[in-house]
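Shown next, in structure tokens, is the structure this report addresses.
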Amino acid sequence: MVRMQDIVDAINAQLVKKFPKAAAYISACPKEFRRPSYLIQNPHVYREDASRHTVYIEADFMITYFAEVDSRYIMNIEKLRQAQAGILELFSCGYITVDDRRLKVTGSEGETTLTDTSVDLQVSYFDDRDEPAEPLPAAEKVYTTILLEWGK
């Protein structure tokens with residue numbers, strides 16, 4: 001079973017490689033957050049039955065990157081766009097490794113403002129149900145009819 005926290009950890013591992021000096025925040029930023037930094041949020045998870053034992057899951061993640069600012073609280077928009085492109089490049093192979101699995105991932109540009117930039121990721125995969133389904137009772141008797149046709 002893949003937990004949402006496992007996916008967040010895998011995303012964070014990729015971001016740490018790309019931005020080793022940046023602070024990482026999960027779910028929420030403190031009021032006085034550090035720059036450079038990034039925030040990983042998981043705003044939506046969609047589950048759908050795929051079979052008796054399997055469920056299809058789509059999970060949305062939003063990564064917000066906060067670049068450094070100068071003494072007048074002005075930041076370089078080009079650096080924000082480079083950071084956004086770098087984050088998208090991390091996931092451009094089409095999958096993310098989570099434990100022993102490779103989950104399909106798609107990314108798209110989010111909004112770039114004067115203070116931050118964001119990337120939207122969607123991770124989709126099939127997984128086992130949380131609780132195993134009750135086994136069906138074994139058949140007590142089986143009746144069959146065999147028809148033989150000769151001469152055709």
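Read the figures in this text as sums done on the coordinates, not as results from a lab. Since we're looking at a predicted model, the values are computed, not measured. Every residue, glycine among them, receives a Cβ derived from its backbone with ideal geometry; neighbour counts consider all protein chains shown.
Numerical summary
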read-out: Residues of type aspartates and glutamates that residue 21 reaches as a straight line, Cα spacing below 12 Å, ignoring anything fewer than 8 places off in the same chain; value: 68
read-out: C-alpha long axis of helix 4-18 to longest principal axis of the chain, angle in °; value: 40
read-out: Point-to-point label distance, residue 114-residue 12, nm (Cα→Cβ direction, 7 Å offset); value: 3.2
read-out: Region 97-146: GluC sites (Glu not before Pro) in DSSP coil with no more than 10 other Cβ atoms inside 10 Å; value: 140
read-out: For region 54-120: rounded, prolate or oblate by the Cα gyration tensor [a/c cutoff 1.5]; value: prolate
read-out: Linear extension gain, residue 4 paired with residue 47, 0.36 nm per residue minus alpha-carbon span; value: 14.2 nm
read-out: Antiparallel content of DSSP bridges confined to the chain, in %, to 5; value: 90
read-out: 10 Å-binned pair-distance histogram of the chain (Cα, whole percent); value: 9, 33, 23, 13, 7, 6, 4, 3, 1, 0
read-out: Acute angle (nearest 10 degrees) that the helix 77-90 long axis makes with the longest principal axis of the chain, alpha-carbon atoms; value: 20
read-out: For the chain, calculated [θ]222 nm from helices alone, where every DSSP H run of n ≥ 4 adds -39500 (n - 2.57); value: -6000 deg cm²/dmol
read-out: Relative contact order [Cα under 8 Å, 6+ residues apart], the chain, whole percent; value: 22
